[in-house]
Amino acid sequence: MKGMTIIVKKTTQLIAGMIFMYGIYVIVHGHLTPGGGFAGGVVIAGSFILVTLSNGGDFMKLLKEESGTTIVESLATILVIVIAVSGFLFGTKIFFNNFLPKGIVGHLVSAGVLPLYNIFVGTEVAASIFIIFLSLIIFKEESKG
Amino acid sequence: MDLTISIIVGFMILGALYAIHARDLLSSVIACGLVGYSLVICFLLLKAPDLAIVQIVVDTITLIIMVAVVLDSSREESYFKLDSQGYISAITAVFLGLMLLYFYSVSIQSLDVLGKSSLRMAKHYIEGATQKTGSANLVTGVVFDFRGYDTMGEAVVLVTAVLGVLTILRIKGKK
């Protein structure tokens, strides 16, 4: 898959970082404003897809090592389950127990474990969406060569 | 507001019908995007900004991937002639669809009007949820605290779907 013209490449260099930061903002503020792990994760995957589309498939040097995103995705899912199980170990013995202190409603660091769930779900969603897109490119290149 | 939502839903039905019958696959994909973005406006009118954000982002990404696939392969739709096996399949599909329609019409008779929900659990979720979960966004509180199992299942479903995509799309087997 070839890249696009230099205008598209330069515009992507300007915009992709901002899209990535916006995705992180949506994930981190998921317990305060609308949005959350799923929406922010897809925004982050969108920034990666933008870079890949404008610069071509071999820009990221990922053609043979596509296992990185799969590992990130599986790790994020396992971490969600680990946090859920750790509700057993602290405080009352309930699965998915919100064991951390709640803090003040409306602050960035509040709501116990909910921001952690948001972050891990966001990581997992970003990795899954991006790997679906990458697999479309990679297997096409493999079938050619 | 009911009238507005009805007009938008009618628009969505038109877009979906056009997506099926378009000759050019690219315009069919664009018509699919019409359905998705109209759904965003419906979610905003029904006061669900969380869902609207997710829908607009996912729809954009899906549209990009589908346009890339269509531009990379072919814009012509391939047609098949029906043989006897095809007729049997078509009759079975129509029969199943009619059965589904009947059971659907039976099952929705006890439900409320769209947007005027009076579910039993909803009252308990809304009352004092901010104090119980500590989250200012009620949706996140419900999704990750009261309904934690559902969210974990959702994440596992996504992982399984990606594994299935990788298995199907791989052309050369590993040795």
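The values are calculated or read from the model by the stated rules, or taken from the named source; none is laboratory data. Quick caveat, the model's predicted, so the values are computed rather than measured. Heads up, the Cβs are rebuilt from the backbone with ideal geometry, glycines too, and the neighbour counts pull from every protein chain shown.
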Q: Please work out which residue is surrounded by the fewest Cβ atoms within 10 Å (Cβ to Cβ), limiting yourself to the stretch B:7-30 and to residues that are of a type outside the set (A, V, I, L, M, F, W, C) and assigned to a helix (DSSP H, G or I).
A: B:His21
Q. Has the stretch B:31-52 got any residue that is outside any helix (DSSP H, G or I), more than 14 Å from every other protein chain (Cβ to nearest Cβ) and among the charged types (D, E, K, R)?
A. no
Q: Considering every residue within the stretch B:54-63, establish whether at least one is in a helix (DSSP H, G or I) and touching a Lys or Arg at 6+ places or on another chain (Cβ under 7 Å).
A: no
Q: Consider B:Tyr79 carefully, then state whether it is on the phi < 0 side of the Ramachandran plot and in a helix (DSSP H, G or I).
A: no
Q | Scan of the stretch A:6-50 for residues that are free of Cβ contacts under 8 Å to residues at least 60 places away in the same chain, under 23 Å from B:Val142 (Cβ atoms), facing another protein chain (nearest Cβ under 9 Å) and surrounded by fewer than 21 Cβ atoms within 10 Å (Cβ to Cβ), ordered by number | A | A:Thr33, A:Pro34
(Q) Contact list please: Cβ distance under 9 Å, first residue in the stretch B:16-45 and under 16 Å from B:Val69 (Cα atoms), second residue in a helix (DSSP H, G or I) and among the charged types (D, E, K, R), pairs at least six apart or on different chains. (A) B:Cys32/B:Asp59; B:Gly33/B:Asp59
Q.
Given (1) more than 14 Å from chain A (Cβ to nearest Cβ); (2) over 30 Å from A:Ile129 (Cβ atoms); (3) at pLDDT below 75, identify the lone condition not met by B:Ile88.
A. (3)
Q. Does A:Gly3 meet the test of being modelled with pLDDT of 65 or more and surrounded by 14 or more Cβ atoms within 10 Å (Cβ to Cβ)?
A. yes
